[in-house]
Amino acid sequence: MLELDHLAVAGESLEAAVAHIEDALGVRMLAGGQHAHFGTHNQLLGLDEGLYLEAIAIDPEAPELPYARWFDLDRFEGAPRLGNWICRSDDLVADVAAFGADVGAPVALQRGDLRWRMAVPESGILPNDDCFPALMQWDVSPTPASLLTPSGCRLMRLEVAHPEAVALRERVGLGDARVVYVEGAAALRATFETAHGARVLE
């Protein structure tokens, strides 16, 4: 069974991704760290109801890699944007087998004391123009969502737009009323309840 775990905002730089989130939500993000395997780094924001938000970008100090980075970051350009949503599994191997090879193969990852596995396609590009959720399984407890200082922000709605929205919804099969699928150009749009009122992050 899949559950929504977190959302990821990508930028050409981490500073740009962080500024995009902070400007949209009116809050300050917390420190993150480096992901050595994929040559990226991040900062985090704790959300209500066991979720969190991640700003992520290629680490300019990381060496070149002989394989594609996750979250389609090798092709990223332009303004920062909400690029991916991530769902956690309690049996990643079984879920990957059920969804099919295009969702990726499990890769063991770590950052500090955190340990997890994520299904990453060989190309780094997720199905449905990156609108299919990245699948992961935590191998430690507690996870970032419970460790981060609460920001007072709560996800109200995650809008997943795609030309084949109905088929995407049926394939993902996520029973979360906050996630809504709409027909349109591939994009993600999230609405949050904050201390400043409802705010939108795209």
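Please treat every number below as a calculation from the coordinates, not as lab data. Remember, it's a predicted structure, so these values are computed and weren't measured experimentally. Note: ideal-geometry Cβ built from the backbone for every residue, glycine included; neighbour counts use all protein chains shown.
So what are segment 48-136's ellipsoid semi-axes, whole angstrom, largest first, if each one is the square root of 5 times an eigenvalue of the alpha-carbon gyration tensor?
In descending order the semi-axes read 20, 16, 15 Å.
For the peptides 69-81, 139-151, what is the packing order when you average, over each peptide's residues, the other Cβ atoms within 10 Å and list the highest mean first?
My ranking of the peptides, most packed first, is 69-81, 139-151.
When the chain is treated as a GNM, springs tying every alpha-carbon pair under 10 Å, which of 119, 55, 161 comes out with the largest mean-square fluctuation?
161
When the dipole is taken about the Cα centre of segment 3-149, and only Lys, Arg (+1) and Asp, Glu (-1) are charged at their Cβ, what size is it in debye, to the nearest 20?
220 debye
Give me the compactness ratio for segment 22-89, meaning the Cα radius of gyration over 2.2 N^0.38 Å.
Rg over 2.2 N^0.38 Å, computed on Cα atoms: 1.20.
Could you work out the Kirkwood radius for the chain, taking every pair of different alpha carbons, averaging 1/r and inverting it, reported in Å?
Radius from the Kirkwood sum: 16.9 Å.
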